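Okay, structure first, notes after.
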Amino acid sequence: MLEQLPKNVRVVEVGPRDGLQNEEKHVATADKVKLIEALAAAGLKSIEITSFVSPKWIPQLADGLDVARAVHLPGDVNVSALVPNLKGYESAKEAGLKQIALFMSASESHSKKNINKSIPEALQTLGEVAHQAKLDGKTIRCYISVVFECPYEGAVDPRQVVRIVKELVAMGVDEISLGDTIGAATPNQVIALLKLLKAEVPLNKLALHFHDTRGTALANVLAGLDAGVTIFDSSLGGLGGCPYAPGAAGNLATEDLVYMLHGLGIKTGIDLEKLVDAGHLAEQILGKELPGRYLKACLAGRAKQAQKLVKPAAQVTGA
Ligand code: HMG
Ligand code: MG
């Protein structure tokens, strides 16, 4: 029996950003808006709706400002967007967002590929944005990518992650999300990194962001829960990846995460049936099946049920 699990977990939905940024098929602004509103209707209270990065680098999210302006969400939903620099910050501010999500990497090679900056350059830029964002009264989340394994350099030294986390905390970042960008971590690595970090920063500042490339994401969540983490990122239907990290498959699917959390008796405030409705909508918009396992199982169950309801009618008419 697992003991000492938290009673509540905050799920941060990153599908509209981390998910869609990796989709080749262009998604219309109106469909993005529908999807975000369906996520909020399912009870998600933290949603990353888009990014304000260079449209040359991520063409799919070039309509970030239009999405942010068009979306109607309840006042208690914490809406944020990914921001790489002051230019992106100005767009987030124009969109009226109260939270921004910065990002950087724990390895030099991934940093260069993803944002065309070294780690010191990235820290300098993030420091400038954080300074301005604090003056404007925004809350700041920051991702650190490739905290366990880099697709270019291999294993990442956890002490490097600790150094970066301390710098981010010093610049006023409120929440730091630790990214297993290529979904390579296993639970003991999660436990080891959190043990080092716990000695340096309050645990409630940390979130975990798993991609599920090798099927270890839920096991890693369990390791994180056991260590006391209560914030987890996930993506509707398991959409996602990082275009600048070869091999990065979809994020952990939100429905799989929520199903496991509820099974463990942990509250999330999310309605799984409505989440499946949102997943179904995403499949219709993208014209393909999504990898999330709970979504697949639930939609297959619904299809079977619908068939059962249709059959007797057909028999009555002699068809
Ligand atoms: P750069 O080319 O070095 O930038 O890109 P620059 O400052 O030299 O500017 C070049 C051009 O981009 C200029 O335009 C700028 O105005 C424009 P031009 O004069 O050529 O017409 N520009 C911008 N346009 C719109 N919004 C902006 C912006 N900034 C500059 N904010 C830059 C540097 C950071 C912009 C670029 O590398 C970039 O946008 N990278 C984003 C890459 C990205 O989005 N990757 C995926 C997200 S990270 C991820 O998925 C991991 C995560 O999920 C966690 C995990 O899984 O680990 C978060
Ligand atoms: Mg990611």
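The values are calculated or read from the model by the stated rules, or taken from the named source; none is laboratory data. Remember, it's a predicted structure, so these values are computed and weren't measured experimentally. Cβ coordinates were reconstructed from backbone atoms using ideal geometry, including for glycine residues, and neighbour counts include every protein chain displayed. What goes into the accessible areas is simple: the full protein's heavy atoms, side chains included, and nothing from ligands, DNA or RNA. Shrake-Rupley method; radii C 1.70, N 1.55, O 1.52, S 1.80 Å.
Could you list, in sequence order, all residues of the range 83-96 that are open to solvent by 10 Å² or more (accessible area, probe 1.4 Å) and either farther than 25 Å from residue 180 by Cα or in contact with a Gly (Cβ under 9 Å, 6 or more places away or on another chain) (or both)? Step through it out loud before you land on a result.
Residues of the range 83-96 open to solvent by 10 Å² or more (accessible area, probe 1.4 Å): 84-87, 90-91, 93-96.
Result: 86, 87, 90, 91, 93, 94, 95, 96.
Restricting the range 6-61 to residues that are touching a strand residue (DSSP E or B) at 6+ places or on another chain (Cβ under 8 Å) and open to solvent by 40 Å² or more (accessible area, probe 1.4 Å), which is farthest from ligand 2 (Cβ to nearest atom)?
Restricting to residues being touching a strand residue (DSSP E or B) at 6+ places or on another chain (Cβ under 8 Å) and open to solvent by 40 Å² or more (accessible area, probe 1.4 Å), the top hit is 7.
Here's the yes/no breakdown for (1) exposed (fewer than 10 other Cβ atoms within 10 Å of the Cβ); (2) touching a helix residue (DSSP H, G or I) at 6+ places or on another chain (Cβ under 7 Å); (3) part of a helix (DSSP H, G or I); (4) at pLDDT 95 or above:
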position	(1), (2), (3), (4)
261	no, no, yes, yes
269	no, no, no, yes
291	no, yes, no, no
296	no, no, yes, yes
312	yes, no, yes, no
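From the list 169, 161, exactly one residue is surrounded by 14 or more Cβ atoms within 10 Å (Cβ to Cβ), within 16 Å of ligand 2 (Cβ to nearest atom) and assigned to a helix (DSSP H, G or I). Which is it?
161
Could you grab me the full set of residues in the range 137-153 that are open to solvent by 20 Å² or more (accessible area, probe 1.4 Å), without any contact (Cβ under 8 Å) to a residue 60 or more places away in the chain and either touching a Phe, Trp or Tyr at 6+ places or on another chain (Cβ under 8 Å) or closer than 18 Å to residue 244 by Cα (or both)?
Hits for the range 137-153 are 149, 152, 153.
Could you list, in sequence order, the residues of the range 134-155 that are more than 21 Å from the chain's Cα centre (by Cα) and hydrophobic (A, V, I, L, M, F, W, C)? It would help to see each step written out before you state the result.
Keep residues of the range 134-155 that are more than 21 Å from the chain's Cα centre (by Cα), which gives 134-137, 152-155.
Those that are more than 21 Å from the chain's Cα centre (by Cα) and hydrophobic (A, V, I, L, M, F, W, C): 135, 155.
Given the structure, is residue 180 within 22 Å of the chain's Cα centre (by Cα), crowded, with 21+ Cβ neighbours inside 10 Å, modelled with pLDDT of 95 or more and not aliphatic (A, V, I, L, M)?
For residue 180, the condition - within 22 Å of the chain's Cα centre (by Cα), crowded, with 21+ Cβ neighbours inside 10 Å, modelled with pLDDT of 95 or more and not aliphatic (A, V, I, L, M) - is met.
Taking only the range 176-188 into account, find how many residues are away from ligand 1 (no atom under 16 Å from the Cβ) and assigned to a loop (DSSP other than H, G, I, E, B).
Initial filter on the range 176-188 (away from ligand 1 (no atom under 16 Å from the Cβ)): 186-188.
Retained after the next criterion (residues that are assigned to a loop (DSSP other than H, G, I, E, B)): 186.
The number of residues fulfilling the criteria is 1.
Give me a count of the residues in the range 192-231 that are assigned to a strand (DSSP E or B) and within 19 Å of residue 149 (Cβ to Cβ).
Of the residues in the range 192-231, 6 are assigned to a strand (DSSP E or B) and within 19 Å of residue 149 (Cβ to Cβ).
Listed here are the residues, each with its yes/no results for (1) at pLDDT 95 or above; (2) within 11 Å of ligand 1 (Cβ to nearest atom); (3) out of contact with any helix residue (DSSP H, G or I) (no Cβ under 6 Å at 6 or more places or on another chain).
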residue: 166; (1), (2), (3): yes, no, yes
residue: 174; (1), (2), (3): yes, no, yes
residue: 190; (1), (2), (3): yes, no, no
residue: 222; (1), (2), (3): yes, no, yes
residue: 244; (1), (2), (3): no, yes, no
residue: 248; (1), (2), (3): no, yes, yes
residue: 255; (1), (2), (3): yes, no, no
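Listed residues 237, 228, 250; which is open to solvent by 10 Å² or more (accessible area, probe 1.4 Å) and closer than 30 Å to residue 288 by Cα?
Of 237, 228, 250, the one residue that is open to solvent by 10 Å² or more (accessible area, probe 1.4 Å) and closer than 30 Å to residue 288 by Cα is 250.
Residues 265, 250: which one is out of contact with any strand residue (DSSP E or B) (no Cβ under 6 Å at 6 or more places or on another chain) and within 11 Å of ligand 2 (Cβ to nearest atom)?
That would be 250, the only listed residue that is out of contact with any strand residue (DSSP E or B) (no Cβ under 6 Å at 6 or more places or on another chain) and within 11 Å of ligand 2 (Cβ to nearest atom).
Give the range 98-136 a look and list any residue that's over 23 Å from residue 243 (Cβ atoms), outside any strand (DSSP E or B) and either within 16 Å of ligand 2 (Cβ to nearest atom) or touching a residue at least 24 places away in the same chain (Cβ under 8 Å) (or both), or say none. Let's see the steps before the verdict.
Looking only at the range 98-136, we keep the residues that are over 23 Å from residue 243 (Cβ atoms), and these are 98-99, 120, 124, 127-128, 130-136.
Adding the requirement that they be outside any strand (DSSP E or B) leaves 98, 120, 124, 127-128, 130-136.
Residues satisfying the conditions are 98, 127, 128, 130, 131, 132, 133, 134, 136.
Which pairs do you get when a residue that is touching a residue at least 24 places away in the same chain (Cβ under 8 Å) and assigned to a loop (DSSP other than H, G, I, E, B), found in the range 1-29, comes within reach of a residue that is hydroxyl-bearing (Ser, Thr, Tyr) and open to solvent by less than 80 Å² (accessible area, probe 1.4 Å), reach meaning Cβ atoms under 8 angstrom, with the pair 6+ apart or on two chains?
Filtered contacts from the range 1-29: 6/230; 9/230; 9/268; 14/234; 14/235.
Within the range 192-220, can you find the residues that are under 18 Å from residue 260 (Cα atoms) and away from ligand 1 (no atom under 15 Å from the Cβ)?
Passing the criteria: 215, 218, 219.
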